[in-house]
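So the structure is just underneath, and the comments pick up after that.
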Amino acid sequence: MKKIIFVHLLNDYSGSPLVLSSAIRRFVEEGLEVTLITSVGKGFLSNIEGVKYQLLNYHFFENKAKRALALLRSQVLVFSKILMNANSNTVVYVNTLLPFGAALAGRLRGKKVIYHLHETTVNPPFLKFFLKKIAQYCASEAIYVSQFLLEQEPLTGVPSRVVYNCLPQDFVEKAEAHLAANPPKSGPFTVLMLCSLKAYKGVGEFVRLAERLPDLRFVLVLNASLDSIQRHFEGGSLPENLFVFPSQNSVHSFYQEAHLVLNLSHPEQWVETFGMTLLEAMSYGLPVIAPTVGGPVELVKDGFNGYRVDQRDLPLLSERVGQILGMSEAYEQLSTNARNFAKQFSEQRFGGELVSVVA
């Protein structure tokens, strides 16, 4: 039996572990022996049926020195786990650039090493340079989540392809069931953003947008603990029409109440390579506002399923939100287009493409 060892460093509720969870489930369905090496704690990679877990005591630290030491320690452990667990039919599947120990061990054992690349922003720059060199040396094949990322971060000499992310089937089913059973939304127009608690994700701009549009309801869901959120906003005041929530293991209720979803990542600091929250929103028939560069350009077409706006242009951003608020029949067309577009990103299509890579 073919064996596949997946490696992902930090299991949380962000985009890359969500995508990997869909990949893992497909390979379990295909009858492969699946092992997952990831961190302790709860996230999208937790409790996947049919998976053998090998957990790392890895945590993210804000302190750079502690973070570097945690990374090095984790990769020594990953390296040893791959060496001990790889057999003649093993494929090593490295999710993101970070788990370089897995790639080195796979290469040392002469195994097929597949990289699934999600990001272009890795800091500091020398770390990114090091990780890419390891990937170029070790990778048998590379998967990219968007054409933008493939063009931006090619691995010289490594066979590469684009496999767009998917929406998990259970997510799609819940969205469709909700839309079929519920009438059009009433109540205050709600603007939603889901992101990490990072300045470059546009958290500050979202707050300022809420201040500019006091008659609308703004909801911010952050992939962070309540304590971290309180420390971040300590000493400042938030507008009364803004509601902030910590990490959630399910975000369906937020999409169900929203009318519009934003992604306000700073293009000069963090270029989005795909945009899972945009796709999730579209599956709920929600128009979106996305950055003007990066992977979201491949998902969002102006006036079709949303708009592309540079988050630095707050007046234009406010204007676009107001424009969508004032739509009636045009909003319904945006909604329909969004739902139909999201159907292209099925779990079945995604899994089939990944199986062809591993075969």
Would you check which residues across segment 324-342 are surrounded by 13 or more Cβ atoms within 10 Å (Cβ to Cβ) and free of Cβ contacts under 8 Å to residues at least 12 places away in the same chain and list them?
-> M327, A330, Q333
Taking segment 290-310, which residues are over 18 Å from G15 (Cβ atoms) and of a type in the set (V, I, T)?
-> T292, V309
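Among the residues in segment 264-274, are any of a type outside the set (A, V, I, L, M, F, W, C), out of contact with any Cys (no Cβ under 7 Å at 6 or more places or on another chain) and part of a helix (DSSP H, G or I)?
So the first thing to find is which residues in segment 264-274 are of a type outside the set (A, V, I, L, M, F, W, C), and the list is 265-269, 272-273.
Filter once more, so that each one left must be out of contact with any Cys (no Cβ under 7 Å at 6 or more places or on another chain): 265-269, 272-273.
Among the residues that remain, those that are also part of a helix (DSSP H, G or I) are: none.
Within segment 264-274, none of the residues are of a type outside the set (A, V, I, L, M, F, W, C), out of contact with any Cys (no Cβ under 7 Å at 6 or more places or on another chain) and part of a helix (DSSP H, G or I).
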Taking segment 271-299 as the region of interest, how many residues are out of contact with any Pro (no Cβ under 9 Å at 6 or more places or on another chain) and hydrophobic (A, V, I, L, M, F, W, C)?
-> 6
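If you check I48 against the conditions, is it within 30 Å of D170 (Cα to Cα), in contact (Cβ under 8 Å) with a residue 40 or more places away in the chain, β-branched (V, I, T) and outside any helix (DSSP H, G or I)? It would help to see each step written out before you state the result.
Working: within 30 Å of D170 (Cα to Cα): yes; in contact (Cβ under 8 Å) with a residue 40 or more places away in the chain: no; β-branched (V, I, T): yes; outside any helix (DSSP H, G or I): yes.
So I48 does not fit the description; no.
One line per residue, one yes/no per condition, for (1) in contact with a Pro (Cβ under 7 Å, 6 or more places away or on another chain); (2) under 16 Å from D12 (Cα atoms):
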{"site": "R26", "(1), (2)": "no, no"}
{"site": "E29", "(1), (2)": "no, no"}
{"site": "V34", "(1), (2)": "no, no"}
{"site": "I37", "(1), (2)": "no, yes"}
{"site": "L45", "(1), (2)": "yes, yes"}
{"site": "L56", "(1), (2)": "no, yes"}
{"site": "F61", "(1), (2)": "no, yes"}
{"site": "K66", "(1), (2)": "no, no"}
Output for segment 31-81, where each listed residue is under 20 Å from V113 (Cα atoms) and hydroxyl-bearing (S, T, Y) = T35, T38, Y53, S74, S80
Within segment 164-186, can you find the residues that are over 24 Å from the mean Cα position of the chain (by Cα) and either without any contact (Cβ under 8 Å) to a residue 24 or more places away in the chain or over 22 Å from Y331 (Cβ atoms) (or both)?
-> A180, A181, P183, P184, S186
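Does any residue of segment 15-33 turn out to be outside any helix (DSSP H, G or I), β-branched (V, I, T) and crowded, with 22+ Cβ neighbours inside 10 Å?
Initially, segment 15-33 is screened for residues outside any helix (DSSP H, G or I), giving 30-33.
This time we only want the ones that are β-branched (V, I, T), so: none.
No, there is no match, as no residue in segment 15-33 is outside any helix (DSSP H, G or I), β-branched (V, I, T) and crowded, with 22+ Cβ neighbours inside 10 Å.
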Please specify each residue of segment 205-239 satisfying the condition of being of a type in the set (D, E, K, R) and without any contact (Cβ under 8 Å) to a residue 12 or more places away in the chain.
-> D227, R231, E234
Search result, residues across segment 174-191 that are among the hydrophobic types (A, V, I, L, M, F, W, C) and either closer than 24 Å to Q323 by Cβ or surrounded by 10 or more Cβ atoms within 10 Å (Cβ to Cβ) (or both) = A175, A177, L179, F189, V191
Odd one out for S46, checked against (1) at pLDDT 95 or above; (2) over 29 Å from Q248 (Cα atoms) = (2)
Counting only residues in segment 80-112 that are over 20 Å from L55 (Cα atoms) and surrounded by 14 or more Cβ atoms within 10 Å (Cβ to Cβ), the one farthest from the chain's Cα centre (by Cα) is identified as R109
Hey, can you tell me all the residues within segment 241-271 that are more than 20 Å from A199 (Cα to Cα) and without any contact (Cβ under 8 Å) to a residue 24 or more places away in the chain?
-> S250, S253
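Residue-by-condition table, conditions (1) out of contact with any His (no Cβ under 9 Å at 6 or more places or on another chain); (2) modelled with pLDDT of 95 or more; (3) within 19 Å of F171 (Cα to Cα); (4) among the β-branched types (V, I, T):
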{"position": "M1", "(1), (2), (3), (4)": "yes, no, no, no"}
{"position": "I5", "(1), (2), (3), (4)": "yes, yes, no, yes"}
{"position": "L9", "(1), (2), (3), (4)": "yes, yes, no, no"}
{"position": "Y13", "(1), (2), (3), (4)": "yes, no, yes, no"}
{"position": "S16", "(1), (2), (3), (4)": "no, no, yes, no"}
{"position": "V19", "(1), (2), (3), (4)": "no, no, yes, yes"}
{"position": "I24", "(1), (2), (3), (4)": "yes, yes, yes, yes"}
{"position": "G31", "(1), (2), (3), (4)": "yes, no, no, no"}
{"position": "L36", "(1), (2), (3), (4)": "no, yes, no, no"}
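If you check L286, L317, L209, which single one turns out to be crowded, with 21+ Cβ neighbours inside 10 Å and in a loop (DSSP other than H, G, I, E, B)?
Values: L317 fails: in a loop (DSSP other than H, G, I, E, B); L209 fails: in a loop (DSSP other than H, G, I, E, B).
Answer to the selection: L286.
When residues of segment 340-355 are filtered for being over 14 Å from V28 (Cα atoms) and either in a helix (DSSP H, G or I) or of a type in the set (A, V, I, L, M) (or both), how many remain? Spell out the reasoning first.
Looking only at segment 340-355, we keep the residues that are over 14 Å from V28 (Cα atoms), and these are 340-346, 349-350, 353.
After this cut, where a residue has to be either in a helix (DSSP H, G or I) or of a type in the set (A, V, I, L, M) (or both) as well, the list is 340-342, 349-350, 353.
Qualifying residue count, segment 340-355: 6.
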Mind listing whichever residues of segment 223-250 are in contact with an Asp or Glu (Cβ under 8 Å, 6 or more places away or on another chain) and either modelled with pLDDT under 95 or in a helix (DSSP H, G or I) (or both)?
-> N223, S247
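The values are calculated or read from the model by the stated rules, or taken from the named source; none is laboratory data. These figures come from a predicted structure and were not determined experimentally. Positions of Cβ are generated from backbone atoms using ideal geometry, with glycine treated the same way; all protein chains shown enter the neighbour counts.
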